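The values are calculated or read from the model by the stated rules, or taken from the named source; none is laboratory data. It should be emphasised that the depicted structure is a prediction, and the values quoted were computed from it without experimental measurement. Cβ placement follows ideal geometry from the backbone for every residue including glycine, while neighbour counts extend to all protein chains displayed. Ligands, DNA and RNA are excluded from the accessible area calculation, which covers all protein heavy atoms including side chains. Shrake-Rupley method; radii C 1.70, N 1.55, O 1.52, S 1.80 Å.
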Amino acid sequence: MPFSLLKYGLRKDYPFEEDADIPSAHKLRDSYDVVIIGGGGHGVATAYYLAKYHGITNVAILEKGYLGGGNTARNTAVIRSNYLTPEGVRFYGASVELFQGLSNEFDFNIMYSRRGQLTLAHTESAVSAFRQRAEINTHYGGKSALIGPDEIRKLVPCLNMNPAHMPVLAGLWHIDGATARHDAVAWGFAKGATQRGVELHQLTEVTGVDVENGKVTGVQTNRGKVRCGCVVQAVAGHSALMAEKAGFRLPITVYPLQAMVTQPVKPFIDPLVSSPALHCYVQQTGRGEIVLGSGSDPYPLYNTRSTLPLKESLLSNAVALFPFMSQLRMLRQWAGITDITSDYSPIMGLSPVQGYYLDAGWGTWGFKSTPICGKTMAELVAGGGTVPDLIKPFSLERFERFAQINEMGATAASH
Amino acid sequence: MSKQRQGLLITGDAPVQFTFEGQRFSGLPGDTLASALLANGQWLQSRSFKYHRPRGPLSLSGQDANTLVQLGPEPNVLADRTPLSEGLSASGQNYVGSLAKDGDSRLGFFGRFMPVGFYYRAFYKPRGIWDRWEKVIRKKAGLGVLDTQREAGYHDKQYLFCDIAVVGAGPAGLAAALRAADAGASVLLIEQDPYIGGSLAWHRYDVQGGAAAAMLADLRRVEAHPRIRTLTDATCNAWFADHYLPVIQGTRLYKVRAKQTVLASGALEQHVVFHNNDLPGIVLCSAAERMLALYGITPGNKALVLAGNDQSCRSALTLADAGVQVSAVVDMRASPDDPALLQALSERAIRYIPGHTVYSARGSGSQGRISQAEIRPITAPGEVGNTAETIDCDLLCMSSGYMPAWQLPCQAGAKLSYQDEVAGFRLSGQAAGVHLAGSVNNIFTAEAVVKDGERAAAAALAALGYDVDVPESVSCALRPNYDWPMFAHPKGKEFVDFDEDLQLRDIVNATRMGYRDIQLVKRFSTVGMGPSQGRHSALPTARLVAKATGRTISETGVTTARPPFAPEKVAHNAGRVLHPYRQTPMHHRHLEAGAHMVPVGDWQRPAYYGQPDQARHCIESEAMHVRNAVGLIDVGTLGKIELRGPDAAELLNRLYTASFDNMEIGSTRYAIMTNEHGVVIDDGVACRLGETHFYITATTSGVTRVYRAMTQWNAQWRLDVDILNVTGAFAAVNLAGPLSHKVLAAAGTDVDISAAGFPYLAYREGQVAGISARLMRVGFVGELGYEIHVPARYGEALWDALIKAGRAFGIKPFGVDTQRLLRLEKGHLIVGQDTDGMSHPGELNLNWAVDRKKPFFVGQRSVAIMKREQTQRHLVAFELPAGSETPAEGLLVLEGAEVSGKITSCAYSPTLDKVIGLAWASSAHKKPGSQIVIKSAGGEPLTATVVKLPFYDKALSRQEIQA
């Protein structure tokens, strides 16, 4: 037993007020330097880095529900950097690096667990696509390799190598693939940000954005009006609706994404395994549950309902890959709402409204970018709108130029 | 046991032998594993998740995680839902050593060092140490063990349809089913338990007893009703939109489509939170009643009842009447609602102790079963006085009230609001067509429950258009919930959540640490995240969090109730795990000819004819044969869509980049489809069969998406087109090569196939070898060729006829890999292989296929902008001299140190004797003669020359009949 636990047992009135990770509600003041709309992972990470690296603490995070209750709470906690474009590999690579140090930085265990991610290729065309990803990853210093059936068998002995008449021909092995306790990431950032003076306001919904002469001056909320110097919008799943309040449109279509989890069993699989062809990915959590995910629902919808057809197809494919999983028992099925852009890359940086910064279009891959996103958005804010190099390619204005960052092949069913 | 057990579910007296933890036991037919163990005095059935505490049945109806056992290869099986069978062998799970002597039970002593969320506060210093701790913790987590060698057993699915689905066959459900079916509706009645009647089968609804049996006798009419189908032992595990209900019975998943749903899903009896409230032998009152009535088990010798309502007092009467010595009823209330209960208790010499609670319990013996309870007076909500009395007992039955089974109603959109006057949650606001009845609707007296069932059925009937009067809502004055049944103890272990071993202070401390929202409390403490998904923890958690955060219980609420309601096996959803692949009618001909089959989309196709170790040789010789003589390929997997209607041309105009207005009947046109972003997403050949009739092909893997887009847009634009995906209805072959017209003539056709009569890109209909066929003169592989489509049932005959007729010309079949090589030589791209999710027509050299004059097509604006803009990249054709390495598809194209593209297609061309390919490269290099640098597999740069397409037959003469 680690020494640090002793103190909890020996202190009679634990927890004291100073043990709280998240401070109680504040009065909402009428003016802040920075307002962050959205208290999910990205929003609190931005606040954290603003306070930590730039000394900017007169910041309010406005969250309409509870801390980390949107897609931060609903994702399947996969962290990886094996993307398809140079821009993506660099960006997500920086994110993985930050993730690795977060527990010690926060003094709060986010349970970062490096397991490796294995993506399966069942056709020659998939092999070519994975070869490209492995090549791009290694070209830019990432850790991915195209591996053959023998190595796959060694990594995941319980995998059926011929599922659903789709023989496993090769795999993309990404040793940096990892998972973490997703909620804890948001809590850790919130803890660090609020300790430095940032205010987190839950149950505070932004109902309007005040823009004067093309510049943002404040926001309206269910708790009153707030003036501010600048705004960061980080509201995954509702980005287009929020942007509309600020007076512009985003090239985003919204699709529900479902996932599910089984009852816990003793550990039997270490790596994260995914099969884009079978629209299925699988991982075992630290608690022993199996988390399963699939592709997005086929039609745009602002709804987090679950559906039976998706559950049937996902589980039937999971059983094709791992026949014995048929004995597992399902615990829950849920959904998140995802902002999908046409190139499957995010939108970060400036917007048509001066002082109104965007962090949107995170589709199904927002969680894994949380720290780097917060860090670069904080740089953007602190620099008064100077866009950091790392996120320059993800500007909103790229769509006007059709200079898109095509990550389509690297996002489908392999979160 | 000396006396034969008599219970509703016990169906015989022949002993059923089974083993648990290696020990032999004997039960009776009709027992569950849990009841048989209880009948043998085996209360200890599981160990808890965190502290490894001994646990026994709580609800005895599958509503808790206290009976999870390992059943052979199957982990986490509910013993109280598992029918006993001869030779069954089960064991406990999640222990070190044995269930009785679990080495990990010492973890309980360290509980104070494991406060709520302790794992967030430790195990990470110094950096890197977590990697080691994680391994230890992972092993401790999890419950049962999965056998990774085990195959899925047989499970299947069936659709069911009904007017009204009634979930729950208790009094409310039975009454609803009868009311609805009597009026003429077809009813599906779904009951989780193996019997109908619900609590009428075991609960005492009146002080005298007997009323329930009389009522049930009446309601049993459902069993013979011609319009009611009853599924017992069947769990409705969710409510999905539009009354789509998954119902699991045995190894089958029924997918029920109902027009209306009556949810008579009952209420979940709630426990009392006190020190050691989890010991084996401490059960819900309903569990003790079930033991007696269903299985004929005497639950204990010396019982104590901890009451929060009249129901639990009546349970005491039932126990006493069954011969159990009931020492006392400890009632948390000041008095019973029904004064007659006092008389009835005293008649049975049961002490009635009002205003008191059990404050702590003690267990003893090898199973840790309860042996003593300490009772104390309640002085204020949650607080007790100092005068304690200890009562010996081996059974403690408790009830603090009921929580409506909120899961299905909430999935149907209902919201929970807490009513202080009844100290309970009430449901309202569910979707149209969903009707609540009975105790889920907070109605508790038997008569009112039946009335409420009839009312709900009437409402459903009215919604279906039946002329019925819908009665006013039924009211019930009963107040079965005690408002604060939670008593903190200095030693803790007052469990709020049994699944997750969460004590009262864990919930309160989570709020003190800043996790104040009920969702955050759940996520931080894990309350409600266990196998029973908060059935017993939701209500006390809501009360505790509300108090700790100064909000109302309504504001606090409970966390979202997601499907499934009860744990369901993955196997039930997976079904028979059929992954059928599609075969064309000529499939076995390919096998006979020695084809190497590969998956292409849903289909199996010949890659080439021969052994995989000879692949390259096979492909090259098949290719040369097509170039020099004649070949035949099965292209039946191509998507095929038939469009008929006055707006057929208009729909195509809007969905494809070409114009179809002036297209002549009897001609074909290459068609590419772009999405809103101007990205090429599919291609095919459109044939005009008539003024209002088109036949269009799509890519093998894209046709489902294309068809879906067509039907969606047709509806959205309100066009008048009948669209049919006829992919499987037609077989198709491509007869290609300089001798192909001779083979066609030899096979016999009434189509004029002369050069003038059937020019390139024309479409004809006629007979081929006596089969009605659709013929297209297209040239995907770059030779004279005929694509011939016939009804699928004649596919094999067509294949045989062409092979037979071609024998004189040396015809050979060729596969899809060969076709890929041939089309590459010709410079035709494959959507999906040579395009990616961003490829615009201009980048693909396909501007010629985009009509510039049409007013609109999907993606037109983007395509136009892209045409104006300087694009960054281009799909280029490149060559490497013979003898050079053939770079693999997917390798990168470099521009200095940066990646500028990749190879999409590449092969050695036997016809041209050089390596040819297509690649994405910087548009600076799109001019023929330019050089691109490929990063080879070994990392060495490989310089290739950009050339003009096509590689083969630049004069375009090969597609014509050769002189």
Q) Picking from A:Ser275, A:Ser239, which residue would you name as being closer than 27 Å to A:Ile175 by Cβ and open to solvent by less than 10 Å² (accessible area, probe 1.4 Å)? A) A:Ser275
Q | Matching residues, segment B:482-499, being open to solvent by 10 Å² or more (accessible area, probe 1.4 Å) and out of contact with any Asp or Glu (no Cβ under 8 Å at 6 or more places or on another chain) | A | B:Tyr482, B:Trp484, B:His489, B:Pro490, B:Lys491
Q. Quick one: B:Lys101 ticks every box in (1) surrounded by fewer than 21 Cβ atoms within 10 Å (Cβ to Cβ); (2) at the interface with chain A (Cβ under 9 Å from one of its Cβ atoms); (3) charged (D, E, K, R) bar one, so which box is it?
A. (2)
Q: Select from segment B:511-525 the residues that are open to solvent by less than 10 Å² (accessible area, probe 1.4 Å) and either out of contact with any helix residue (DSSP H, G or I) (no Cβ under 7 Å at 6 or more places or on another chain) or more than 13 Å from every other protein chain (Cβ to nearest Cβ) (or both) and list them in ascending order.
A: B:Gly514, B:Leu520
Q: Specify which of the listed residues (B:Ser85, B:Ser89, B:Ser98) is small (Gly, Ala, Ser) and either within 20 Å of B:Leu279 (Cβ to Cβ) or outside the structural domain of B:Ala39 (by TED's automatic domain parsing) (or both).
A: B:Ser98
Q: Among the candidates B:Glu869, B:Glu889, single out the residue that is crowded, with 21+ Cβ neighbours inside 10 Å, within 14 Å of chain A (Cβ to nearest Cβ) and of a type in the set (Asp, Glu).
A: B:Glu889
Q: Can you confirm whether segment B:588-602 contains a residue that is acidic (Asp, Glu), within 11 Å of chain A (Cβ to nearest Cβ), closer than 23 Å to A:His165 by Cβ and surrounded by fewer than 22 Cβ atoms within 10 Å (Cβ to Cβ)?
A: yes
(Q) I'd like the full set of residues that are under 47 Å from the mean Cα position of the chain (by Cα) and not hydrophobic (A, V, I, L, M, F, W, C), limited to segment B:728-763. (A) B:Gly728, B:Asn734, B:Tyr763
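Conditions tested, residue by residue: (1) of a type in the set (Ser, Thr, Tyr); (2) in contact (Cβ under 8 Å) with a residue 60 or more places away in the chain; (3) in a loop (DSSP other than H, G, I, E, B); (4) in contact with a Lys or Arg (Cβ under 8 Å, 6 or more places away or on another chain).
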| site | (1), (2), (3), (4) |
| --- | --- |
| B:Ala334 | no, no, yes, no |
| B:Leu341 | no, yes, no, yes |
| B:Ser346 | yes, no, no, no |
| B:Gly363 | no, yes, no, yes |
| B:Ser366 | yes, yes, yes, no |
Q | Members of segment B:642-658 found to be crowded, with 21+ Cβ neighbours inside 10 Å and either in a loop (DSSP other than H, G, I, E, B) or under 38 Å from the mean Cα position of the chain (by Cα) (or both), listed by number | A | B:Leu643, B:Ala648, B:Leu651, B:Leu652, B:Leu655, B:Tyr656, B:Thr657
Q | Subset of segment A:352-384 [of a type in the set (Gly, Ala, Ser) and either under 14 Å from the mean Cα position of the chain (by Cα) or open to solvent by less than 20 Å² (accessible area, probe 1.4 Å) (or both)] | A | A:Gly355, A:Ala360, A:Gly361, A:Gly363, A:Gly366, A:Ser369, A:Gly374, A:Ala378
Q: Answer yes or no as to whether B:Thr318 is hydroxyl-bearing (Ser, Thr, Tyr), under 44 Å from the mean Cα position of the chain (by Cα), under 25 Å from B:Ser26 (Cβ atoms) and open to solvent by 20 Å² or more (accessible area, probe 1.4 Å).
A: no
Q: List the helices (runs of 4 or more DSSP H) that sit entirely inside segment B:570-639 and contain at least 2 residues that are touching a His at 6+ places or on another chain (Cβ under 7 Å) and more than 26 Å from B:His741 (Cα to Cα).
A: B:570-574
**Q.** Residues that are part of a loop (DSSP other than H, G, I, E, B) and open to solvent by less than 30 Å² (accessible area, probe 1.4 Å), drawn from segment A:175-195
**A.** A:Asp176, A:Gly177, A:Ala180
Q) Taking helices (runs of 4 or more DSSP H) that do not extend beyond segment A:74-174, which have at least 3 residues that are away from chain B (no Cβ under 12 Å)? A) A:86-106, A:149-155
Q.
Can you pull out every residue in segment B:532-555 that is more than 11 Å from chain A (Cβ to nearest Cβ), crowded, with 21+ Cβ neighbours inside 10 Å and touching a residue at least 40 places away in the same chain (Cβ under 8 Å)?
A. B:Arg535, B:His536, B:Ser537, B:Ala538, B:Leu539, B:Pro540, B:Thr541, B:Ala542, B:Arg543, B:Leu544, B:Ile553
Q: Output the number of the condition that B:Ala937 fails; it satisfies all remaining conditions of (1) open to solvent by 30 Å² or more (accessible area, probe 1.4 Å); (2) modelled with pLDDT of 95 or more; (3) under 22 Å from A:Ser125 (Cα atoms).
A: (2)
Q: Give me a count of the residues in segment A:299-345 that are assigned to a loop (DSSP other than H, G, I, E, B), open to solvent by 10 Å² or more (accessible area, probe 1.4 Å) and at the interface with another protein chain (Cβ under 8 Å from one of its Cβ atoms).
A: 5
Q: Enumerate the pairs (first residue in segment B:130-156 and under 15 Å from B:Pro75 (Cα atoms); second residue anywhere and assigned to a helix (DSSP H, G or I) and hydroxyl-bearing (Ser, Thr, Tyr)) with beta-carbon separation below 7 Å, excluding pairs fewer than 6 apart on the same chain, so at least 6 apart or on different chains.
A: B:Ala152/A:Ser326
Q) Which of the residues spanning segment A:48-73 are more than 14 Å from every other protein chain (Cβ to nearest Cβ), surrounded by fewer than 24 Cβ atoms within 10 Å (Cβ to Cβ) and in a helix (DSSP H, G or I)? A) A:Ala51, A:Lys52, A:Tyr53, A:His54
**Q.** Criterion violated by B:Arg479 - all others in (1) free of Cβ contacts under 8 Å to residues at least 60 places away in the same chain; (2) open to solvent by 30 Å² or more (accessible area, probe 1.4 Å); (3) farther than 21 Å from B:Lys259 by Cα satisfied
**A.** (1)
Q | Odd one out for A:Ala45 among (1) touching a strand residue (DSSP E or B) at 6+ places or on another chain (Cβ under 6 Å); (2) open to solvent by less than 10 Å² (accessible area, probe 1.4 Å) | A | (1)
Q.
Looking for something among the hydroxyl-bearing types (Ser, Thr, Tyr) and surrounded by fewer than 19 Cβ atoms within 10 Å (Cβ to Cβ) - is there at least one such residue anywhere in segment B:559-566?
A. yes
(Q) Cβ-Cβ distance below 6 Å, separation of 6 or more or different chains: which pairs start in segment A:390-410 with a residue that is open to solvent by less than 30 Å² (accessible area, probe 1.4 Å) and end on one that is assigned to a helix (DSSP H, G or I) and not hydrophobic (A, V, I, L, M, F, W, C)? (A) A:Ile391/A:Thr376; A:Ile405/A:Glu87; A:Ile405/A:Pro393; A:Glu407/A:Gly88
